[in-house]
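The values are calculated or read from the model by the stated rules, or taken from the named source; none is laboratory data. What you see is a predicted model; the values in this text were computed from it and never measured. So basically every Cβ, Gly included, is an ideal-geometry build from the backbone, and we count neighbours across all protein chains shown.
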Amino acid sequence: MLFDAQLPCQRLELRPRSEAVVQVGAAPIPCTVPKITGLSLVTATSRLKAAGCALGKVSRPKKVPKKAKLVVRSQSVEKDVRLATGFKINVVLKVKKKK
């Protein structure tokens, strides 16, 4: 099969059973790791997603009271590090102390 492109001098040839990769939209956002320590897991996840990263493994404390609020104690990669799009950042949670 032959498909004519918009310009008369360009042609795209696709053979049967061949693969074509088409990227639609803007280029992916590179992952710039934000500071997420001290944030709740929901807030940390949304900040990671907005920065082009993803949430990796989540480590929780073993004994936690039912109504305790958990926050991020540490993250696997320091803030402001640039990584590939969708890089997974692991987090460790702790119980937030009352004021």
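A compact table of results
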read-out	value
For residue 92: the one exception among (1) part of a loop (DSSP other than H, G, I, E, B); (2) in contact (Cβ under 8 Å) with a residue 24 or more places away in the chain	(1)
Members of the stretch 30-59 that are in a loop (DSSP other than H, G, I, E, B), surrounded by 14 or more Cβ atoms within 10 Å (Cβ to Cβ) and in contact with a helix residue (DSSP H, G or I) (Cβ under 9 Å, 6 or more places away or on another chain)	33, 34, 36, 37, 39, 53
Odd one out for residue 80 among (1) surrounded by fewer than 10 Cβ atoms within 10 Å (Cβ to Cβ); (2) at negative phi; (3) at pLDDT 90 or above	(2)
